[in-house]
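Novice: What follows is a structure written as structure tokens; I'll ask about it next.
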Amino acid sequence: MSHVQIYDRAMCCSTGVCGPQVDPVLPKFAADLEWLEREGHQVDRFNLAQDAAQYAANSTVQKMLEAEGVDCLPLIFVDGKVVSRNEYPTRENLALWTETKLPVKNMLPMADGGCSGGSGCC
């Protein structure tokens, strides 16, 4: 299983979903991380406002912050390697990087023989 680390910008809480102006991407990303954990991966998420020591302890994060400032955040690591920066990845990207299968989406039932113009089903 993979180890995923997220270094966020300074936010009101660890997920950033309780502030007065919630970025709509954050609740979806939080749900995607919960999904990753349910799949068995280790997920560590750090908030610059609350976990500054974690940023100082990671030399790659330090170098990127020195070179680019907080614009490089969020930084996403998978097994110690930077896989994304400056944006929150999709669940599909997280699945790809961690080699996790995505659940198959259920298909809507089809009428026998499908629907065509002359069948009268629609």
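Novice: Scan region 39-46 and tell me whether some residue there is under 17 Å from Thr100 (Cα atoms) and open to solvent by less than 30 Å² (accessible area, probe 1.4 Å).
Specialist: yes
Novice: Can you tell me which residues in region 65-86 are without any contact (Cβ under 8 Å) to a residue 60 or more places away in the chain, under 16 Å from Gln5 (Cβ atoms) and open to solvent by 70 Å² or more (accessible area, probe 1.4 Å)?
Specialist: Within region 65-86, Lys81, Arg85, Asn86 meet the criteria.
Novice: Restricting to region 87-113, give me the number of residues that are at positive phi and either modelled with pLDDT of 95 or more or open to solvent by less than 20 Å² (accessible area, probe 1.4 Å) (or both).
Specialist: 1
Novice: Let me ask another. Every residue in region 1-38 that is closer than 18 Å to Phe77 by Cβ, charged (D, E, K, R), open to solvent by 40 Å² or more (accessible area, probe 1.4 Å) and touching a helix residue (DSSP H, G or I) at 6+ places or on another chain (Cβ under 9 Å), please.
Specialist: Hit for region 1-38 is Arg9, nothing else.
Novice: Could I ask something else about it? What are the residues in region 47-64 that are open to solvent by 70 Å² or more (accessible area, probe 1.4 Å) and in contact with a strand residue (DSSP E or B) (Cβ under 8 Å, 6 or more places away or on another chain), if any?
Specialist: Listed by number, the list holds a single entry, Gln54.
The values are calculated or read from the model by the stated rules, or taken from the named source; none is laboratory data. A quick note: this is a predicted structure, and the numbers were derived from the prediction, not measured. Every residue, glycine as well, gets a Cβ built from its backbone with ideal geometry; the counts of neighbours run over all protein chains shown. Please note that ligands, DNA and RNA were not included when accessible areas were found on the heavy atoms of the full protein model with its side chains. Shrake-Rupley method; radii C 1.70, N 1.55, O 1.52, S 1.80 Å.
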